[in-house]
Amino acid sequence: MKPLNETDIRRSIVNASKGDIERMPLPGLHEVLWGEREYLGWRDHGAPLRGYLVHWADDRPVGIVLRASGASMRPGISAMCSLCRTPQPSDQVTLFSAARAGQSGRDGNTVGTYICADLACSLIIRIMPPASPMQPDPAEVVARRAEGLLTRVQNFTADIMKTV
């Protein structure tokens, strides 16, 4: 992922009001390992049900505001993130919704999906599988995971930007 600065991030948000974007807290950008991310995702510590996701689409950043469901899944079961496709305990995956861009979103239309609760899919996909004669090279596995994650993130944000 190409690096982002505060201006890039604030200008990229497609589904929030100008006031919401101005009040949006940002993560510590100086700490981000940009080469190991497909997107930048973070939660709002001041509003625990709010999250943000920004990625590059072609040569421009695209960002969305997410809202986590207040309900949680039953403890003790597995759940799968729809972006990184990693199965995890249910308390580590959350249903997030995002208002559609434009008038459609202002009218209350949303898109939802299950995502890692900490929005750290880029880190999770980089956990190397053990080497095995039956498995491909672990680096190839991670590269395929990264490619799939980026495709699914782009498809999710493209769906949010539809104003139908």
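Some values worked out for this structure:
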read-out	value
All positions within segment 104-135 that are among the small types (G, A, S), within 17 Å of T94 (Cα to Cα) and not in a loop (DSSP other than H, G, I, E, B)	G112, S122
Qualifying positions in segment 121-164 - small (G, A, S), more than 16 Å from G41 (Cα to Cα) and open to solvent by less than 80 Å² (accessible area, probe 1.4 Å)	S132, A139, A143, G148, A158
Cross-chain or 6+ apart pairs with Cβ under 6 Å, segment 136-164 first and in a helix (DSSP H, G or I), then among the aromatic types (F, W, Y)	V153/Y39
Odd one out for C84, checked against (1) open to solvent by 40 Å² or more (accessible area, probe 1.4 Å); (2) touching a helix residue (DSSP H, G or I) at 6+ places or on another chain (Cβ under 8 Å); (3) part of a loop (DSSP other than H, G, I, E, B)	(1)
Qualifying residue in segment 11-19 (condition: of a type in the set (K, R), touching a Leu at 6+ places or on another chain (Cβ under 9 Å) and at pLDDT 95 or above)	no
Residue within segment 2-20 that is open to solvent by less than 50 Å² (accessible area, probe 1.4 Å), closer than 24 Å to N155 by Cβ, out of contact with any Cys (no Cβ under 8 Å at 6 or more places or on another chain) and without any contact (Cβ under 8 Å) to a residue 24 or more places away in the chain present	no
Extreme residue, farthest from the chain's Cα centre (by Cα), among residues of segment 74-133 that are within 21 Å of P48 (Cβ to Cβ) and of a type in the set (D, E, K, R)	R74
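Per-residue answers, yes or no, for (1) loosely packed, with under 13 Cβ neighbours inside 10 Å; (2) in contact (Cβ under 8 Å) with a residue 24 or more places away in the chain:
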residue: L26; (1), (2): no, no
residue: V32; (1), (2): no, yes
residue: R37; (1), (2): no, yes
residue: L49; (1), (2): no, no
residue: V62; (1), (2): no, yes
residue: A68; (1), (2): no, yes
residue: R74; (1), (2): yes, no
residue: Q88; (1), (2): no, yes
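The values are calculated or read from the model by the stated rules, or taken from the named source; none is laboratory data. Given the structure is predicted, the values throughout are model-derived calculations rather than measurements. Every residue, glycine as well, gets a Cβ built from its backbone with ideal geometry; the counts of neighbours run over all protein chains shown. Areas reflect the complete protein model, heavy atoms only, side chains present, ligands, DNA and RNA absent. Shrake-Rupley method; radii C 1.70, N 1.55, O 1.52, S 1.80 Å.
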